[in-house]
Structures are given as structure tokens and as C-alpha cells.
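The values are calculated or read from the model by the stated rules, or taken from the named source; none is laboratory data. Given the structure is predicted, the values throughout are model-derived calculations rather than measurements. Every residue, glycine as well, gets a Cβ built from its backbone with ideal geometry; the counts of neighbours run over all protein chains shown.
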Amino acid sequence: MSLCANSLCLVLSQFMGGLSHESHRRDVEQVYLRCSQGSLEWLYPTGAIFVNLRPNTEPSSGHTAALHACIKPYTHSQGSHVYLEHDGDLRMLLAEKDQALGTVHCFSPAEGALFVEAVPQADISRRITAFQYELVSSQGPGAHLFPYMHPGLVTCKPCSDEDVLMAVCTSDFAGSGIFRGAPSGATDHSPAVVTLSRLFRQKTRVFAWGGARGRGWSGRINVPAQCSVQPVGDEYLLTGSVHFGDAWLGCAPRYKDFQKLYLTAQKTGRNPCEIDTD
């Protein structure tokens with residue numbers, strides 16, 4: 001992943017650097033990103049670039065159709081507007097003035113390609129457009145809880161039994177624990193403090209050992225405002241995804257209910273993977 005991102009940054013710095021290409025202010029370059037995640041930096045932007053997110057995935061697999069692209073600007077990013085271009089029409093996705101907020105924006109590749117256009121500046125020497133990107137599946141257990149995928153359409157409906165069983169095996173993280181602090185509810189989502197007594201899996205280190213008296217893992221999980229959680233209450237199975245370094249809640253049934261479900265599935269051979277639920 002990092003090799004893809006680093007190679008891209010070198011290409012943009014060398015061929016798109018505005019300080020050495022003053023005569024090409026109206027040039028439009030095509031850039032193809034083949035990684036599932038990475039970052040882009042455009043130094044001293046002039047002209048424009050098309051950014052095509054094309055993962056190395058077999059088209060026949062059906063996986064590509066379920067993908068959304070998400071971008072998160074660095075707070076120091078400036079010097080350009082970001083649009084979605086489709087059949088010659090441009091739709092503003094991220095204005096230059098809003099990039100300092102670092103807000104995530106997601107879209108379907110079917111909506112168009114990213115069109116990044118430099119804003120005319122008298123002095124471009126201090127301008128750098130920079131953002132992270134991820135290709136995120138719009139399907140799968142708990143995907144409906146990621147608020148940037150479908151803004152305003154997040155629901156807290158419980159996951160099906162099949163989704164729960166799949167979530168514990170395939171989510172970016174899965175464990176059991178309790179909520180130590182409830183989200184504030186001031187925005188469309190907020191982080192909740194959790195302590196895990198079991199950690200079945202985590203792809204990235206979002207939970208650190210050393211919870212209550214050193215007998216658990218602690219961390220924060222972003223919870224949609226529509227979903228209420230009770231601090232220091234029941235124990236839950238906590239699963240979810242990690243986007244741009246932050247954990248997001250997915251399927252989260254009460255742990256005792258999950259234990260019953262898993263044992264039943266184990267007896268009938270329906271469990272997708274083996275875990276120690278005790």
C-alpha cells in the first residue's frame with residue numbers, strides 16, 4: 001500500500017509542480033490509483049488533475065461494484081477545489097475553504113472521477129493539496145452504520161444472525177466489552193470509551209492493552225448519534241471497521257446473546273470461523 005502512495009507522491013511532485021510548470025496552468029493530467037488506500041499530495045498546484053480510483057480487483061468478482069471511495073483532506077491542504085466529474089458535468093465535493101476541517105467525504109465511483117482543480121493564486125509556493133483516500137465496501141456486516149457512506153440515512157437496526165456471525169470473523173476488529181463512557185450526541189457521531197475483556201481480532205492497533213487494572217484493552221469507538229449506548233452496563237460483542245485510523249461501531253449484540261447464537265451455529269456447522277467465546 002505505502003509503495004503505491006509514495007510512488008504517486010513522487011510523480012505528482014515531479015510532473016505537476018507548479019513552480020517548474022508555469023506555462024501549463026491549464027493542463028489536465030490523468031492519475032490512476034491502484035491501491036485500496038493511500039494518500040495524494042499535489043505540490044504547488046496549477047491546472048487540474050483527474051484522479052481515477054481503480055483498485056486491482058477482478059471486475060467479474062462483483063467486489064468493485066460494492067465499493068465506495070472516501071477521501072479525507074489533511075488539515076493543511078489548500079490550493080484547489082475537489083469535484084466529481086461525470087459526463088462533462090462537475091459537482092463540488094470539497095471546496096478549498098472546507099479542507100481544513102478534515103471531514104470525510106464518500107462517493108460511488110459510478111458518480112464520477114475526482115477532478116482536482118487548482119485555485120488561481122498570486123503566490124503558489126506555500127500551497128499543497130493533500131488528502132488520504134480509502135476504498136470502502138458499502139456491503140457487509142455493519143456497513144450501514146458508517147455515517148459518511150450514506151449521510152442522513154444511518155439506522156441502528158440490529159444486525160441479522162448471519163451478519164453477526166460474519167462480523168466476528170471478518171470485521172476490522174472484534175471483541176467483547178463494556179462502554180465506559182457514552183457518546184455526547186453533539187454531532188452525527190461521537191466516540192465512546194470502551195474496555196474489552198476479550199479481543200478476537202484487530203487489523204490495526206485501535207485498542208491498547210492496559211484497561212481497568214491492566215486486565216483488558218481500552219480504546220474509543222465512534223458511534224452514530226442515532227444509536228444509544230449504556231455506559232457500565234451489559235457486556236457487548238463489539239465489531240466494526242477502521243477508517244482513516246478511527247474505529248467505527250458495526251454489529252454489537254449483547255455478548256450473552258452472541259454466545260448462544262455462536263454455540264448454536266457451531267453445533268450445526270454454520271459458524272464461518274472458530275473463536276473462543278469463554
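List of remarks:
- The requirement of being acidic (D, E), touching a residue at least 60 places away in the same chain (Cβ under 8 Å) and within 17 Å of L33 (Cβ to Cβ) is not satisfied by E111.
- The set of residues in the stretch 63-110 that are surrounded by 14 or more Cβ atoms within 10 Å (Cβ to Cβ) and of a type in the set (D, E, K, R) comprises K72, E85, E96, D98.
- Residue in the stretch 96-110 that is modelled with pLDDT of 90 or more, of a type in the set (F, W, Y) and either touching a Phe, Trp or Tyr at 6+ places or on another chain (Cβ under 7 Å) or part of a loop (DSSP other than H, G, I, E, B) (or both) present: no
- Identification of strands (runs of 3 or more DSSP E) wholly contained in the stretch 185-278 with 1 or more residues that are modelled with pLDDT under 90 and outside the structural domain of S36 (by TED's automatic domain parsing) yields 189-202, 217-224.
- For the stretch 239-278, taking the residues that are of a type in the set (S, T, N, Q) and surrounded by fewer than 21 Cβ atoms within 10 Å (Cβ to Cβ), the one that is farthest from A208 (Cα to Cα) is identified as T268.
- Restricting S108, S80 to those that are closer than 28 Å to N222 by Cα and outside the structural domain of L165 (by TED's automatic domain parsing) reduces the list to S108.
- Top-ranked residue of the stretch 253-272 - restricted to ones that are closer than 18 Å to G142 by Cβ and without any contact (Cβ under 8 Å) to a residue 24 or more places away in the chain, ranked as farthest from the chain's Cα centre (by Cα): D257
- Members of the stretch 166-182 found to be in a helix (DSSP H, G or I) and either aromatic (F, W, Y) or crowded, with 23+ Cβ neighbours inside 10 Å (or both), listed by number: A167, V168
- Within the stretch 10-51, the residues that satisfy the criterion of being surrounded by fewer than 14 Cβ atoms within 10 Å (Cβ to Cβ), modelled with pLDDT of 85 or more and of a type outside the set (V, I, T) are Q30, Y32.
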